[in-house]
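The values are calculated or read from the model by the stated rules, or taken from the named source; none is laboratory data. Computed from a predicted structure; not experimentally measured. Note that we place each Cβ from the backbone using ideal geometry, even for glycine, and neighbour counts take in every protein chain shown. All accessible areas refer to the heavy atoms of the entire protein, side chains included, with ligands and DNA or RNA removed. Shrake-Rupley method; radii C 1.70, N 1.55, O 1.52, S 1.80 Å.
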Amino acid sequence: MELNPSATVFRSWAAAETDALVVVTGTGLDPRISWVNRACAELLAYAPQELVGLPLSTLRRSPLRRGSAPPDGQPIVDPVRTVERTLVCERRDGSPVRLTARSLPVVSGGEPSWVLRLQPETDHARVQDELYAAHERFRSLSERAPIGIFTSESGLRLGYVNDWFCHLVGARADQLLGTDWMGFLHPDDLLPTQQALGRVLAGADVELPLRLQRTDGETCHVQARVVPVTTDGRGAGFLGTLEDVTQRLAWERTMTHQALHDPLTGLPNRRQLLETITARLSAADPEQRATALLFLDLDDFKHVNDSLGHPAGDRVLEAFSERLLGAVRGHDLVARFGGDEFAVMCPGIGDPATAEDVAERLRQQVSDPLVVDGVEVTVAASIGVVVVDRTHSTAEQVLRDADIALYQAKAAGKGQCALFDEEHRRQASERLLLAGELKRAVQEDQLTVVYQPVVSVPAALVRADGRGTVSVEALCRWEHPERGPVSPEVFVGLAEQNGAIVDLGLSVLRTACRQMMLWRDELGELAPAAVSVNVSPVQLHRPDFVDSVAQVLVDTGLPGSALTLELTESVLMADPEAAAAAFRSLRSLGIRVAIDDFGTGYSSLALLRTLPLDQLKIDRSFLRDLGRAGDDPIVGAVVALAGSLGLVTIAEGVETIEQLAELERLGCPLAQGFLISRPVPPEQVSRMLRAAALAERADLGALIPTGRRSVERRVSA
Ligand code: C2E
Ligand code: CA
Ligand code: CA
């Protein structure tokens, strides 16, 4: 068949051809390009018309221009034969391209012509090299990788294992190759593995945790990842990696344990308790959901720590937790919340009465004294009890209610159990609300101060009308805009809890000192000689407390000698040395220090002896029967002992003339109480002091007989 290269048929065929085609024409060794198709122009990055007319050699990379190009003297065309050559050609931009050129002589009438088919060459040798290099890289990577790598066929015989795989199972490669690796699996992992491999064979990548049983008997935890591979001639199989996660799992277990347990007692902690309660709450079945939670708090544990030291305190907690564990049922969960707070979760108890019984029994069982370091320690616990009901949707809510019940138990006196009820919740949210309002009231200066006179007992016996007033006690008042007056017993406690007491106390102190200055101006020598201000332990524990008091004295101009600070016994117990240091600093400012509510705490007279104190205020509970049941040994003893320690005694809460008479008999020098005056606003104090002075003068003028007779008159009246 004769083919004319200029024929339209050829051109239209060749133009559409995806291989690069060139037609060259000419005699000699270097024919010229007479036609190219689009594929050729694209391959060489020329426009087609640029190539036409160029000698074929133009395209060949010149050994002179690029020293690296191989010299190539071989002809590309032959008059009669098909020739195939490898050429390095140059694109228009100078970049080389390696081609296979196949020339075919074209039979035509005119000059000799050839059709050349140019194919960019894949360099087999180079590809081979690269493949080999890649394989080597993979092999050394795989061999040294700290991860087990294996291939196996679908029959599960091992085709390849790396060193780490051998290390994981504890066998040599030659012992492993060709054998089945299922034998190394923990029996429980066999079925899941077989199922997983089924999925791999179906084409999926699979990841699963496995346990390998090493030849030395140890168990090794691995994370296995298996992917399907198909090898020509060898069929389907797996490529797998095994990551040793034994240490990671052990570490995770330790971390989880630590995160969920209390380090001192080893008991589950708050988090674990919350998680367990959450799990129970999620149960749909009411029986599965029934749970009681007991929230325990050791009474006065602080005293144990303070008096025996923290290491002994820790041992008390350990002993207590053991006792608690011994007292509960097997499936109850005992948790420690930190500090002296514990919780017992009782599954299956859905009835409040039963829960209360359990709590009461527990309270009794844990309340026997413990012996720690040879010292007998009484540990009583208060218990708040809550039974999970429909109102609880989260563990936090259960805990909150148990906490509220605990608060009630403590408020009812120590060593008690209290069952949570709706009323408690209402009171708790009320407290919360009130605490917030109190904070605002303190900031906005809405609190006022009233004053109660402290009088000399003999003078009051003449007439308990404020005569013989030696000082006044400043007492804080809060008139709530909607609720009316709120008792200081309530709001002082709240302020101590939310920290507002610091500002509150300072504000009362400032007001009282300022008022003293006003009285001094107004009343002269009739003014009270001193004002007593109550100080909360929270205030005293602040490092800047003494400085802030000194600052108030400076600001108001009141001498320290006209100020007494009253502190309750609990301050002494918590940290006697710190208290003593603070007292000494206060006294160096001339301030007197009084122990308030004496007899209600646990301080001993022996402790008082070591502290720099001035006054003792006997709590009014000791005065209740005074003068009625005749002798009261306690008041008498306190007055006598206080006197021997150089302390002045003040009897608080004197309500009857009989009590006053009895106090005089016992030698108590000072008294305070409703009999003489309720706490009153400052103007009323002024009026009372003026009137008392006038009356005294009038009495003196009329030479009224002495007090004793006046008492007799009143008692008989
Ligand atoms: P307290 O320091 O023991 O104050 C004496 C309390 O006894 C006052 O109660 C007073 O009104 C009351 N009282 C006085 N005489 C009699 C009496 O003859 N019979 C009876 N039944 N009660 C009498 P008040 O004012 O309700 O204060 C209660 C407590 O609140 C105070 O006890 C004190 O601990 C605390 N408090 C009051 N104001 C302040 C303050 O400014 N700061 C601090 N930290 N606590 C304060
Ligand atoms: Ca007081
Ligand atoms: Ca008191």
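Looking only at residues that are among the small types (Gly, Ala, Ser) and within 16 Å of ligand 3 (Cβ to nearest atom) in the range 574-628, which one is modelled with the lowest pLDDT? Spell out the reasoning first.
We begin by selecting, within the range 574-628, every residue among the small types (Gly, Ala, Ser); these are 574, 578-582, 585, 588, 590, 594, 599, 601, 603-604, 606, 621, 627.
Filter once more, so that each one left must be within 16 Å of ligand 3 (Cβ to nearest atom): 594, 599, 601, 603, 621.
Values: Ala594: 96, Gly599: 78, Gly601: 65, Ser603: 62, Ser621: 87.
Step by step, filter the range 574-628, then rank; the result is Ser603.
Enumerate the strands (runs of 3 or more DSSP E) found wholly within the range 358-456, keeping only those where 1 or more residues are on the phi < 0 side of the Ramachandran plot and touching an Asp or Glu at 6+ places or on another chain (Cβ under 7 Å).
The qualifying strands (runs of 3 or more DSSP E) are 381-387, 417-419, 448-456.
Note down all Cβ pairs under 6 Å where the first residue falls in the range 472-483 and is under 19 Å from Val685 (Cβ atoms) and open to solvent by less than 90 Å² (accessible area, probe 1.4 Å), the second is within 14 Å of ligand 3 (Cβ to nearest atom) and not in a strand (DSSP E or B), and they're at least six residues apart or on different chains.
Between residues of the range 472-483 that are under 19 Å from Val685 (Cβ atoms) and open to solvent by less than 90 Å² (accessible area, probe 1.4 Å) and residues that are within 14 Å of ligand 3 (Cβ to nearest atom) and not in a strand (DSSP E or B), the close pairs are Leu475/Pro679; Cys476/Pro488.
So which strands (runs of 3 or more DSSP E) are wholly in the range 97-195 and hold at least 1 residues that are hydroxyl-bearing (Ser, Thr, Tyr) and under 30 Å from Arg38 (Cα atoms)?
Fully inside the range 97-195 and qualifying: 113-120.
Please enumerate the residues belonging to the range 550-573 that are within 16 Å of ligand 3 (Cβ to nearest atom) and open to solvent by 50 Å² or more (accessible area, probe 1.4 Å).
The one that is within 16 Å of ligand 3 (Cβ to nearest atom) and open to solvent by 50 Å² or more (accessible area, probe 1.4 Å): Ser570.
Could you please tell me which pairs satisfy a Cβ distance under 8 Å, a separation of 6+ or placement on different chains, a first residue in the range 133-157 that is surrounded by fewer than 11 Cβ atoms within 10 Å (Cβ to Cβ), and a second residue that is of a type in the set (Val, Ile, Thr)?
Hits for this filter: zero, empty list.
In the range 510-517, is there at least one residue being within 15 Å of ligand 2 (Cβ to nearest atom) and touching a residue at least 12 places away in the same chain (Cβ under 8 Å)? It would help to see each step written out before you state the result.
Start the filter on the range 510-517 by keeping residues that are within 15 Å of ligand 2 (Cβ to nearest atom), which leaves 512.
Applying the additional criterion that residues be touching a residue at least 12 places away in the same chain (Cβ under 8 Å) yields 512.
Checking the range 510-517: at least one residue is within 15 Å of ligand 2 (Cβ to nearest atom) and touching a residue at least 12 places away in the same chain (Cβ under 8 Å).
Which of the residues spanning the range 336-350 are touching a residue at least 40 places away in the same chain (Cβ under 8 Å) and open to solvent by 40 Å² or more (accessible area, probe 1.4 Å)?
Glu341, Gly348, Gly350 - these are the residues of the range 336-350 that are touching a residue at least 40 places away in the same chain (Cβ under 8 Å) and open to solvent by 40 Å² or more (accessible area, probe 1.4 Å).
Only one residue in Val538, Val533 is within 16 Å of ligand 1 (Cβ to nearest atom), in contact with an Asp or Glu (Cβ under 8 Å, 6 or more places away or on another chain), at pLDDT below 95 and of a type outside the set (S, T, N, Q), so which one is that?
Selected residue: Val538, the only one of Val538, Val533 that is within 16 Å of ligand 1 (Cβ to nearest atom), in contact with an Asp or Glu (Cβ under 8 Å, 6 or more places away or on another chain), at pLDDT below 95 and of a type outside the set (S, T, N, Q).
So how many residues does the range 205-225 have that are open to solvent by less than 40 Å² (accessible area, probe 1.4 Å), of a type outside the set (S, T, N, Q) and either over 39 Å from the mean Cα position of the chain (by Cα) or closer than 23 Å to Ser154 by Cβ (or both)?
Residues meeting the conditions: 6.
Out of the residues in the range 662-676 meeting the condition of being assigned to a loop (DSSP other than H, G, I, E, B) and under 52 Å from the mean Cα position of the chain (by Cα), tell me which one is nearest to ligand 2 (Cβ to nearest atom).
Gln672
What are the residues in the range 468-505 that are assigned to a strand (DSSP E or B), closer than 17 Å to Glu437 by Cβ and within 15 Å of ligand 2 (Cβ to nearest atom), if any?
Cys476, Arg477
Checking the structure you have, find out if any residue of the range 238-249 is hydrophobic (A, V, I, L, M, F, W, C), within 30 Å of Val334 (Cβ to Cβ) and assigned to a helix (DSSP H, G or I). Before you say what the answer is, go through the steps one by one.
Going through the range 238-249, the residues hydrophobic (A, V, I, L, M, F, W, C) turn out to be 238-239, 242, 245, 249.
With within 30 Å of Val334 (Cβ to Cβ) added as a condition, the list becomes 249.
Keeping just the survivors that are assigned to a helix (DSSP H, G or I) gives 249.
Yes, because at least one residue in the range 238-249 is hydrophobic (A, V, I, L, M, F, W, C), within 30 Å of Val334 (Cβ to Cβ) and assigned to a helix (DSSP H, G or I).
Going through the range 305-337 one residue at a time, which ones are within 23 Å of the chain's Cα centre (by Cα) and either under 15 Å from Ala402 (Cβ atoms) or hydrophobic (A, V, I, L, M, F, W, C) (or both)? Spell out the reasoning first.
Taking the range 305-337 first, the residues within 23 Å of the chain's Cα centre (by Cα) are 314, 317, 333-337.
Once the filter is applied, which keeps residues that are within 23 Å of the chain's Cα centre (by Cα) and either under 15 Å from Ala402 (Cβ atoms) or hydrophobic (A, V, I, L, M, F, W, C) (or both), the range 305-337 yields Leu317, Leu333, Val334, Ala335, Arg336, Phe337.
Which members of the range 640-656 meet the condition of being more than 15 Å from ligand 2 (Cβ to nearest atom) and surrounded by 20 or more Cβ atoms within 10 Å (Cβ to Cβ)?
Ala642, Leu647
From (1) within 16 Å of ligand 2 (Cβ to nearest atom); (2) small (Gly, Ala, Ser); (3) surrounded by fewer than 20 Cβ atoms within 10 Å (Cβ to Cβ), pick out the condition that doesn't hold for Ser532.
(3)
Mind checking whether some residue in the range 592-602 is touching a helix residue (DSSP H, G or I) at 6+ places or on another chain (Cβ under 6 Å), open to solvent by 20 Å² or more (accessible area, probe 1.4 Å) and within 16 Å of ligand 2 (Cβ to nearest atom)?
yes
What's the total number of residues in the range 172-200 that are open to solvent by 90 Å² or more (accessible area, probe 1.4 Å) and either closer than 16 Å to Val226 by Cα or at pLDDT below 90 (or both)?
If we filter the range 172-200 for residues that are open to solvent by 90 Å² or more (accessible area, probe 1.4 Å), which is where we start, we get 172, 174-175, 188, 191, 194-195, 199.
Add one more test, that the residue is either closer than 16 Å to Val226 by Cα or at pLDDT below 90 (or both), and what stays is 191, 194-195, 199.
Of the residues in that region, 4 qualify.
Determine which single condition Asp465 fails, assuming it passes every other condition in (1) closer than 19 Å to Ala693 by Cβ; (2) open to solvent by less than 20 Å² (accessible area, probe 1.4 Å); (3) more than 16 Å from ligand 3 (Cβ to nearest atom); (4) touching a residue at least 60 places away in the same chain (Cβ under 8 Å).
The one condition Asp465 does not meet is (2).
Within the range 554-576, can you find the residues that are more than 16 Å from ligand 1 (Cβ to nearest atom), within 21 Å of Gly309 (Cβ to Cβ) and either part of a helix (DSSP H, G or I) or β-branched (Val, Ile, Thr) (or both)?
Met573, Pro576
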